[in-house]
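Here is the structure we will look at.
The values are calculated or read from the model by the stated rules, or taken from the named source; none is laboratory data. What you see is a predicted model; the values in this text were computed from it and never measured. Note that each Cβ is placed from the backbone with ideal geometry, even for glycine, and that neighbours are counted across all protein chains shown.
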Amino acid sequence: MTDHDPKLLNRLRRIEGQVRGISRMVEEGRYCVDILTQLQAIRAALGKVEGAILQDHLNKCIEGAITSGDTADQRAKVNELIQLLERSR
């Protein structure tokens with residue numbers, strides 16, 4: 001994860017700030033639609049972070065297992081990916 005760490009950490013810090021902002025909005029009794037809009041923005045931002053981390057995993061870990069020729073590692077990585085995808089349903 002070293003290639004994307006600074007960018008991902010910046011994104012996560014922005015998301016963290018957005019979450020704090022939503023907390024303030026709720027405390028202040030702001031309009032529900034405004035809060036929901038911000039929640040949707042956070043969900044989209046988290047989706048982008050998740051996609052970047054998944055892409056990195058595919059490019060490094062999965063590809064590394066494939067090119068290593070280690071059948072046990074290949075099976076382990078595939079099973080890991082399947083479990084991850086099943087949890088996201």
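Among the residues of the range 8-25, those identified as surrounded by 12 or more Cβ atoms within 10 Å (Cβ to Cβ) and over 27 Å from His57 (Cβ atoms) are Gly21, Ile22, Met25.
Only one entry in Asp5, Asp34 is at pLDDT 95 or above, of a type outside the set (A, V, I, L, M, F, W, C), surrounded by 10 or more Cβ atoms within 10 Å (Cβ to Cβ) and out of contact with any Ser or Thr (no Cβ under 8 Å at 6 or more places or on another chain), namely Asp34. Helices (runs of 4 or more DSSP H) fully within the range 1-88 that include at least 1 residues being of a type in the set (S, T, N, Q) and in contact with a helix residue (DSSP H, G or I) (Cβ under 6 Å, 6 or more places away or on another chain): 5-27, 32-57, 71-87. In the range 53-75, the residues that are at negative phi and surrounded by 13 or more Cβ atoms within 10 Å (Cβ to Cβ) reach residues that are in a helix (DSSP H, G or I) and among the polar types (S, T, N, Q) with C-beta atoms within less than 6 angstrom, at least six apart or across chains, in these pairs: Ala65/Gln74.
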